[in-house]
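The values are calculated or read from the model by the stated rules, or taken from the named source; none is laboratory data. Worth saying up front: this structure is predicted, and the values here are computed from it rather than measured. As a convention, Cβ positions derive from the backbone with ideal geometry for all residues, glycine included, and neighbour counts pool all protein chains shown.
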Amino acid sequence: MKVQKKMKLFFLFTIIATLLLSACSSSSDTNGEKAEDGKVKLRFATWDVGDDVDLQQKLIDQFNAENSDIEVVLEAYGGDYDTKITAGIGAKDAPDIMYMWNYPQYKDALEPLDSYIEDKGEEYKGNFYEALWNYNAVDGDVYGLPVGYTTHVVYYNKDLFDEKGIEYPKAGWTWKDLQETAKKLTDKDKKITGFAFPGKPDPYDFEMYLWGNGASYVDSKGNLDGNINSKKAIETFTMFQNMLKDEIAITTEGWGDTEFKTNRVGMFINGAWYLEAFKEAGINYGVVEIPSFGDKPSASIVSSSGIAMSKDSKHKEAAFKFMEFWTGEQANKERLSFELPVLKSVVESEKLQEDPIKSVFYSMLEQSEGYNPTSFVTDDWSKLSDDLSLVFEEIFNPSTRVDPKEALNSVIK
Amino acid sequence: MFTKKNKQKKFTLVRKRVPFLFILPWIIGFIVFTLGPLVFSLIMSLFDWPIAGEAKFIGFDNFSTMFTADPQFYDSLWITLKFALIFVPLNLLVALVLALLITQPIKGIKVFRTIFYLPAVVSGVAVSIIWGWMFNSEYGVLNYILSLLGIEGPNWLIDPKWAIVTIVIASAWGVGSMMLIFYTDIKGIPHEMYEAASIDGAGPIRQFISITIPTITPTILFNVITSVIAALQQLTLVLLLTGGGPLKSTYFYGLFVYNNAFKHHELGYASANAWFMFIIILLLTMLIFKSSSAWVFYEAEVKKEKKGGKGK
Amino acid sequence: MKLTRKYKFIMYSILVLFSLYFLFPFIWALITALKTEGEVFSFPPKFIPDVPLFSNFMDAWNSQPFGIYFKNSMIVTVLTTIGQLISCSLVAYGFARYDFKYKNFLFILLLSTMMIPWDVTMIPLYMEFNLFGWINTLKPLIIPAFFGSAYNIFLLRQFLMNIPKDLENAARIDGANEFQIFYKIFLPIMKAPLTLIAVLNIILVWNDYLGPLIYLNDQSKYTMALGLASFQGVHELQIIPIMAMTLVMIIPPVIVFAFAQKYIVEGISGSIK
């Protein structure tokens, strides 16, 4: 009896000890700035998930092999990237290099890159699409190197078009055309609707529709009044609301990709994120430019992704070396499967301008040059964005459907 | 070890120290892992700290902003209280009913016990994803099943009236843990007590009221307090399932604090928010605790306090 | 007890009704996990996939180093559970069976730690762990468990308070010292509630998402919950692998529960005599 108990205790003790040991041994030294082998260690944070991470790891392995004095460690934070980055920055333990899009909010923790870029010369900078530098800069200071981008386009379901014998939309079409097409596509018996857009649109994205109609949320000084409630702006919202009232469009709970995948929505607007997913789901789709309001070409918001350097990084030279690699021609080509290249030379060599799908994103990019999203103009975009989001929801939610004029005027207060 | 003479003296001294020895692990843990961060966050509430930038001392501005200039603060507080008022009693009741059900001596009860407990094993993240997948008004399976029954399902996540119901349904799904706690306690009640009562002619309901309930009052207290805390701090579900919407109808206080900290990067303000809630919950807990002397009966105290003498 | 047929019928209907609510989401998750990408989004929803794709489970498992995640999760779960059992039984015993100075104050203080919102203490805690050199190790997830958690201590205390006082008085008269009383008399009695705590802790830690997210950096340290969450990107939700891994992830805790049931059923009183 006694012996048994002792044996039991002994076993328990051994198990605990082994586990403790393995727990401690698995603790590594990524916090230490230099690894034992004298290499400079760089932490690199990405928000990508799944296969994309594997691809990135392969690229990094290649970089590590080519640079014997540097070791880059990939940290994939996934969907809660912002929470993780915020915690790291707040605790002064940010990764050396990190993916970034929301520069205005993080800029105080980032290293300005202008001097690094200048050293590389005009030609280096000129190879990136000009429109993208604006999205990687705040108040004229560049904080990130462009890695990828997407503009928004109209995705349309070819099968649904064929079923009704409707011609596919073409570049240069108007919102009126879209509405007519949506009307033809809508089939109540089959529960098919012509067009879909988010019931709680991201205000950052939605501004592109105002741009297309010659309006915006704020003027260059950040004033809302007279801009978000201008005649043109109200007109834009009214148009969207009317599509719901006419039942040729529905609002979606998410971004609309799932509804599109169910083959019950003819058209929806979003970025390049879904190209692969739609292919995998076997959807027969096409893409086309966002329709215009008639008098001038449509515009798209640019969702850009860049990489930035922490201002607390201890190895800035090495970090920039890696950033250069990460934004270079080869890396751009390697990422073709999930990221649109940002270098003109790559777009040319890969003949992307001739690709029936990808070329649309580039023409939207060229068309959208010169527009400045409100998030880069106003001081407190995250709060304003919250307020706008609520107002947009009030306009589109079936249980409220507030008159756009009234709703937009309420933002001013 | 020591002589008989000072044994008595040592004994009382030891008796005085012994309880502290037992609770020592927690005291150390509290000082090392809790106290520092807690004080830090209290100090932070007096600062304007945009996380990425420098912190600036602003006195009680965060608190005055919260009470006078931020309507969302009151809205979120109200919604959260409303949720707690629905959720806490409902959850307790369901947990208790389920715990009683799974003590029934009928065939296959083990299977039901496992089924009822199963959802409690699923992580909050997965719970939100699964329910979000089923609740969708366009392609969700729930409304499809309802439509087969000839019922037009509500827009669960779009209609503000239904959104809070959705949250209640999804959160009550994980009631298993609480059920298990009740169950463990009910199982601990000696059979003799029921037998004796049954001989006295007490029916099942009478037995439940005079034996089961009084004996499990300590765990009822535990479940009340922990579910009040859980309800007032609910975050995962509203963050992932509804995002606070539709129309901010589920913008709970937990989400309000989280967004202020991680979306708006106002860590000082978020600390002020958090501390306010901390104090509310603390007061509420103390209130419940104070009241407990009137309705919670501990066997260990039975003799001392001459209360609730039953069964023995 | 004699059970009438009517009573049985009512009982079973209630049980089945509840089971439907608790089980259906799992069934739907399983159906979804076995579908092809096209079937998942077909409308009306399909209740039976044409060919159930069990390979979806393998694909999901292989898409990330889940073997490593599993190991990490196991280490954290087992060690925290041991830590919680040791520390919480001691602390709860101290609070439940003794009277001492500042007891009520300390107990309220203990309870109050349950109410601390993590949003705002997380960053200072991060700094502290960073100072210890614990970031990107499993230590921040494990070591605090050896100092108890308010939830478990409170729960255990409630059970301990419900044991008559005569028990330790008798032992004291027999000359047992305080620790012996705890170890030899109370620990065996507490089998049921200790099992309960172990089960609750295993589930909590196994599914913990925010802790690992904040304190771990690279994939070699990730836990299962983090792996599950990485199927959810900013723009897209990979529903099939999420459903598959959710189902895989519940297996270990369910096994634990199956074994634990036995001890919980015994209850606390069974062992007093």
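Residue by residue through the range B:266-281, note down the ones that are within 8 Å of chain C (Cβ to nearest Cβ) and without any contact (Cβ under 8 Å) to a residue 24 or more places away in the chain.
Within the range B:266-281, B:Ala270, B:Phe278 meet the criteria.
Here is a check on your reading of the model: is A:Asp219 in a loop (DSSP other than H, G, I, E, B), of a type outside the set (Gly, Ala, Ser) and free of Cβ contacts under 8 Å to residues at least 12 places away in the same chain?
When the stated conditions are applied, A:Asp219 passes them.
Do you know which of the residues in the range B:167-190 that are at the interface with chain C (Cβ under 9 Å from one of its Cβ atoms) and surrounded by fewer than 23 Cβ atoms within 10 Å (Cβ to Cβ) is farthest from C:Phe18 (Cα to Cα)?
B:Pro190
Could you say whether any residue in the range C:151-167 is closer than 25 Å to B:Met286 by Cβ, outside any helix (DSSP H, G or I), at pLDDT below 95 and facing chain B (nearest Cβ under 9 Å)?
Yes, the range C:151-167 has at least one match.
Taking only the range B:15-47 into account, find how many residues are surrounded by 17 or more Cβ atoms within 10 Å (Cβ to Cβ) and either under 12 Å from B:Tyr269 (Cα atoms) or more than 9 Å from every other protein chain (Cβ to nearest Cβ) (or both).
Adding up the residues that qualify gives 5.
A:Ala196 - would you say it is within 14 Å of chain B (Cβ to nearest Cβ), surrounded by 15 or more Cβ atoms within 10 Å (Cβ to Cβ) and within 13 Å of A:Met267 (Cα to Cα)?
Criteria met by A:Ala196.
Take the residues in the range A:280-297 that are under 17 Å from A:Tyr168 (Cβ atoms) and assigned to a loop (DSSP other than H, G, I, E, B); name whichever of them is modelled with the lowest pLDDT.
A:Ile283
So C:Lys71 clears everything in (1) more than 11 Å from chain A (Cβ to nearest Cβ); (2) more than 18 Å from B:Met134 (Cα to Cα) except one condition, right? Which one?
Evaluating C:Lys71 over (1) more than 11 Å from chain A (Cβ to nearest Cβ); (2) more than 18 Å from B:Met134 (Cα to Cα) leaves (1) as the failure.
Name every residue in the range C:122-143 that is without any contact (Cβ under 8 Å) to a residue 60 or more places away in the chain and over 21 Å from the mean Cα position of the chain (by Cα), in order of residue number.
Residues satisfying the conditions are C:Ile123, C:Pro124, C:Leu125, C:Met127, C:Glu128, C:Asn130, C:Leu131, C:Phe132, C:Gly133.
Yes or no: A:Ser300 under 30 Å from A:Gly256 (Cα atoms), over 21 Å from the mean Cα position of the chain (by Cα), crowded, with 19+ Cβ neighbours inside 10 Å and not β-branched (Val, Ile, Thr)?
So A:Ser300 does not fit the description; no.
Exactly one condition in (1) among the charged types (D, E, K, R); (2) facing chain C (nearest Cβ under 9 Å); (3) in contact with an Asp or Glu (Cβ under 9 Å, 6 or more places away or on another chain) is false for B:Glu299; which is it?
Going through (1) among the charged types (D, E, K, R); (2) facing chain C (nearest Cβ under 9 Å); (3) in contact with an Asp or Glu (Cβ under 9 Å, 6 or more places away or on another chain) one by one, B:Glu299 breaks only (3).
Residues are listed down the side, and each one gets a yes or a no for (1) in contact with an Asp or Glu (Cβ under 7 Å, 6 or more places away or on another chain); (2) within 14 Å of chain C (Cβ to nearest Cβ); (3) of a type in the set (Gly, Ala, Ser):
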| position | (1), (2), (3) |
| --- | --- |
| A:Pro203 | no, no, no |
| A:Trp211 | no, no, no |
| A:Gly226 | no, no, yes |
| A:Ile234 | no, no, no |
| A:Phe237 | no, no, no |
| A:Gln241 | no, no, no |
| A:Ala249 | no, no, yes |
| A:Gly256 | no, yes, yes |
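Return the pair list, or none, for Cβ contacts closer than 6 Å from residues in the range A:272-287 that are among the acidic types (Asp, Glu) to residues that are part of a helix (DSSP H, G or I), at least 6 apart or on different chains.
Listed by first residue and then by second, the contacts come to A:Glu280/C:Glu37.
Does at least one position in the range A:395-405 carry a residue that is within 27 Å of A:Gln105 (Cα to Cα) and over 19 Å from the mean Cα position of the chain (by Cα)?
no
Specify the residue that is farthest from the other protein chains (Cβ to nearest Cβ); the eligible residues are those in the range A:348-369 that are assigned to a loop (DSSP other than H, G, I, E, B) and either among the aromatic types (Phe, Trp, Tyr) or under 19 Å from the mean Cα position of the chain (by Cα) (or both).
If we take residues in the range A:348-369 being assigned to a loop (DSSP other than H, G, I, E, B) and either among the aromatic types (Phe, Trp, Tyr) or under 19 Å from the mean Cα position of the chain (by Cα) (or both), then A:Glu369 is farthest from the other protein chains (Cβ to nearest Cβ).
Just name the residue that is nearest to B:Gly108 (Cα to Cα) out of those in the range C:1-54 that are hydroxyl-bearing (Ser, Thr, Tyr) and loosely packed, with under 12 Cβ neighbours inside 10 Å.
If we take residues in the range C:1-54 being hydroxyl-bearing (Ser, Thr, Tyr) and loosely packed, with under 12 Cβ neighbours inside 10 Å, then C:Ser13 is nearest to B:Gly108 (Cα to Cα).
Within the range A:122-140, can you find the residues that are of a type outside the set (Ser, Thr, Tyr), out of contact with any Phe, Trp or Tyr (no Cβ under 7 Å at 6 or more places or on another chain) and either within 10 Å of chain B (Cβ to nearest Cβ) or closer than 19 Å to A:Ala331 by Cβ (or both)?
Across the range A:122-140, the qualifying residues are A:Glu123, A:Lys125, A:Gly126, A:Asn127, A:Phe128, A:Trp133.
Look at A:Tyr168 and say whether it is assigned to a loop (DSSP other than H, G, I, E, B) and either of a type in the set (Phe, Trp, Tyr) or without any contact (Cβ under 8 Å) to a residue 12 or more places away in the chain (or both).
The answer is yes for A:Tyr168.
So which of C:Phe9, C:Phe41, C:Phe105 ends up being out of contact with any strand residue (DSSP E or B) (no Cβ under 8 Å at 6 or more places or on another chain), among the aromatic types (Phe, Trp, Tyr) and facing another protein chain (nearest Cβ under 7 Å)?
Matching residue, one of C:Phe9, C:Phe41, C:Phe105: C:Phe41.
Just one of C:Ile123, C:Ile142 is within 7 Å of another protein chain (Cβ to nearest Cβ), at pLDDT 95 or above and not in a loop (DSSP other than H, G, I, E, B); which is it?
Only one candidate passes the filter, namely C:Ile142.
Could you tell me which numbered condition C:Met114 fails, if it satisfies all but one of (1) more than 7 Å from chain B (Cβ to nearest Cβ); (2) closer than 30 Å to B:Phe256 by Cβ?
Condition (1) is where C:Met114 drops out.
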